[in-house]
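Participant: First the structure, which I've put down as C-alpha cells, then a few questions once you've had a look.
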Amino acid sequence: MRKVAVVGVGTVPWRSHYEDKTWLALGFEAAKNALEDAHLAKEDIDLAIYSCFCELMLRQQIMSYIIHEYLGLQAKPSLRTNAAGAADIASLYAGFCEVASGMSDIVLILAIQKGGDLYCRETRSRGDGFLKGTSFAFDTTWLQHVVPGTAALMTAVFLVPHMEKYGTPTPQQLGKASVKNHNNALVNPEAQLKLELSVEDVLNSRIIAWPTTMYQCCLYSDCAAALILASEEKAKEITDEPVWISGISECSYPAMRFEEKSLGRITALNISANRAYRMAGIKDPLKELDVAEIYDLISGVEILSYEELGFCGPGEGGELVDEGVVEKNGALPVNPTGGRVAAGHVGAVSAAYSTATIVRQLREEAGSIQVPIQNGRGLIDCMDGYGSVCGVAILER
Amino acid sequence: MGEVKDELKRVIPLLNGNPRAKEIIEGWPRTVLFELEGEETPFHISVREGRLSLGDGVPGEVDILVRGKGKELARVVRRERDITHPIAEASLKVEKGQLSQLIIFDRILATAKRKT
C-alpha cells in the first residue's frame, strides 16, 4: 500500500446562506483554492470524488457530473460518495484507497452543500426548508414520519441514556463545551456565528430537547471544501510539507435499532477510531495527538465523542471540559475552529472542512486559530445525523 | 401593577422601535391573554398595525391563553431565560393556542437582547 498525503486544501467561509453564489460557484472556488494551494492545475488531477449530503437541498439531481463538467474535468473519471452527512469522510476514504492502491496519483475531493437554497412554502423559512430536505435523508419507509430532527434524535439516543448511566455530562459541562467552541469561533475569520456567550446564556437559551438547548446545537450553513490527495512520489515533488493520512476508517453501525447495548454509545465512532489508531500506531490518543476537530452536532455528542475516541474512559468526557484539557491552550485542543455549533455545519462538507483545518494546523499556517504542534498529529472525526455512519482520520506531518 | 406588566411596559416601546422585532411582529398578528399569579388582573398583548400593544382585561378574541406564575414570565421578558424553560417546568402553561406561536412571541422578545 502506498503512502497518501494531503497536498492541497481549499475552503470557503461558513455562511448561513450565500445568496449570490450557486453551489457550483462555491464548489469551483473551493477546488480552485485547493489547486492553488498545491500549485497544481486541473490537468494534473487523475480522479475527482464528489461529496454532497442531499441533492434535494441543492435543487440538483446527479450533482457530480454537473460539477465535473463545470470544473472542466471532462474525460477524467469521477465518483460520488453517498453516506448522508458522512459522505465527505467516505470520499476521503475512497480517495485514500484510490491513491494507496496505485490506481491514481492525484485525486481531488470536493465537498459541496448548500443548506439555504430550499425554503418551506408554508412558513417561508429557510430553516424549515432545511429540516424538510434533511427529513428525506431519513429512511422514508419506516422512520421519516416518526424521527425528530438531529438535535432531538441525538439527545434521545445518545446523550440522555449516557447521562442516566454515568450521571455525566452535566448540564454545566454541556454549557462549558458550547462556550469553548463559541469562544474559539470569535477569532476564526471563516466562522459563521460569532457570539460571546456565558454558560448561563447557553443553558437558558431555547430548549430543543432537554438538556440540549439552542446554543448547543449545530448551525445550518452553506459551505464547500476541497482536498488534493497525492501519492508519496508525487507529494514529494509537489511540496516540502506533505501531511500524511496515517490512519483512516469509516463504518456504519445503525444507532436507530435502539439496542440496549448501544444506547448512550456512538458505536460506529468507537469502531472507526480503534481501526484508525491501529493503522496509525496510536496507543494513547490524548498524549499523541496535538489537535482534533470533532463533530459536535450537539455539545453532548462532542463530550461523548471524547470517550468513544479514547481520550478518556466512559463517563469521564465531562471532566476533560472541566479541567480545560480540550481548550485551545489545553493538552489536546478540540475544535479550535469553533466546531459545528459555532464555525458552521452542513452534512457532507464539515469533515472535509475539518481535514483542511487540521492540515493547516499541522503546517502551522492556521493563523488566528493556530494551536501548538509538538507531536505533529491531528484527528478529525465525522458522523451522519443518526451517528450511524462514522469515520475517523489521523493526519500526520 | 405586577412585575410582568412593568417589564412589558418597559420593553414594548423598545421592540416597536427595533427593525428586526418589527419584521417578526408583522408576520404574527396574534392576541395573547395572560392570567398570571402575582398580577392583579388579566392583561393581554396584541399586534395592531404592525405594532405590539399592551392592554388590560380580556379582549374579544384570544389566540393564545397563558396561565401560571408571573415571576417566571418576568424572567423571560427580562431575557434571563427562554420561554421554553418555564413551559418545560410547567410553571407556565399554554391553555389555549399553540406553543409554537408563543415561541414566536419569545423570538420577538429576544430581539431586545441580540448580541450580534
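Participant: Which members of region A:161-193 meet the condition of being assigned to a helix (DSSP H, G or I) and within 14 Å of another protein chain (Cβ to nearest Cβ)?
Facilitator: A:PRO171, A:GLY175, A:VAL179, A:HIS182, A:ASN183, A:ALA185, A:LEU186, listed by residue number.
Participant: Mind checking whether some residue in region B:56-79 is out of contact with any Lys or Arg (no Cβ under 9 Å at 6 or more places or on another chain), surrounded by fewer than 17 Cβ atoms within 10 Å (Cβ to Cβ) and part of a helix (DSSP H, G or I)?
Facilitator: Yes, there is a match, as at least one residue in region B:56-79 is out of contact with any Lys or Arg (no Cβ under 9 Å at 6 or more places or on another chain), surrounded by fewer than 17 Cβ atoms within 10 Å (Cβ to Cβ) and part of a helix (DSSP H, G or I).
Participant: A:MET57: aliphatic (A, V, I, L, M) and surrounded by fewer than 21 Cβ atoms within 10 Å (Cβ to Cβ), yes or no?
Facilitator: In short, no.
Participant: Next up: Yes or no: B:GLY27 modelled with pLDDT under 95, within 14 Å of another protein chain (Cβ to nearest Cβ) and exposed (fewer than 14 other Cβ atoms within 10 Å of the Cβ)?
Facilitator: Spelling it out, B:GLY27 is indeed modelled with pLDDT under 95, within 14 Å of another protein chain (Cβ to nearest Cβ) and exposed (fewer than 14 other Cβ atoms within 10 Å of the Cβ).
Participant: Additional query: What number of residues in region A:287-305 are crowded, with 24+ Cβ neighbours inside 10 Å and either more than 15 Å from the chain's Cα centre (by Cα) or of a type in the set (A, V, I, L, M) (or both)?
Facilitator: Final tally of qualifying residues: 10.
Participant: Of everything in region A:142-168, what is modelled with pLDDT of 95 or more and out of contact with any Lys or Arg (no Cβ under 9 Å at 6 or more places or on another chain)? Give them in sequence order.
Facilitator: Those that are modelled with pLDDT of 95 or more and out of contact with any Lys or Arg (no Cβ under 9 Å at 6 or more places or on another chain): A:LEU159, A:VAL160, A:MET163, A:GLU164, A:LYS165, A:TYR166, A:GLY167, A:THR168.
Participant: Condition (residue is over 16 Å from B:LYS9 (Cβ atoms), touching a residue at least 12 places away in the same chain (Cβ under 8 Å) and within 14 Å of chain A (Cβ to nearest Cβ)) applied to region B:64-77: is it met by at least one residue?
Facilitator: yes
Participant: Something else: If you go through region B:78-89 one residue at a time, how many are facing chain A (nearest Cβ under 10 Å), under 18 Å from B:HIS44 (Cα atoms) and of a type in the set (Lys, Arg)?
Facilitator: Count: 0.
Participant: In region A:101-132, how many are part of a helix (DSSP H, G or I) and modelled with pLDDT of 95 or more?
Facilitator: 1
Participant: I've got another one for you. Determine, yes or no, whether A:ARG265 is more than 14 Å from chain B (Cβ to nearest Cβ) and either small (Gly, Ala, Ser) or in contact with a His (Cβ under 9 Å, 6 or more places away or on another chain) (or both).
Facilitator: Yes: the conditions hold for A:ARG265.
Participant: Closer than 20 Å to A:SER249 by Cα and of a type in the set (Gly, Ala, Ser): does that describe A:ALA351?
Facilitator: Yes.
Participant: Would you be able to tell me the number of residues in region A:203-243 that are under 25 Å from A:HIS345 (Cα atoms) and either in contact (Cβ under 8 Å) with a residue 40 or more places away in the chain or not in a loop (DSSP other than H, G, I, E, B) (or both)?
Facilitator: So the answer is 26.
Participant: Would you confirm whether or not region A:252-259 contains a residue that is more than 21 Å from the chain's Cα centre (by Cα), assigned by TED's automatic domain parsing to the domain that holds A:GLY10 and of a type in the set (D, E, K, R)?
Facilitator: No, that holds for no residue.
Participant: Go through region B:1-55 and give me each residue that's of a type in the set (D, E, K, R) and assigned to a strand (DSSP E or B).
Facilitator: Matches in region B:1-55: B:GLU35, B:GLU37, B:ARG48, B:ARG51.
The values are calculated or read from the model by the stated rules, or taken from the named source; none is laboratory data. Because the structure is predicted, anything quoted here is derived from the model rather than measured. Ideal geometry is used to build each Cβ from the backbone, glycine not excepted, and the neighbour counts take in all protein chains shown.
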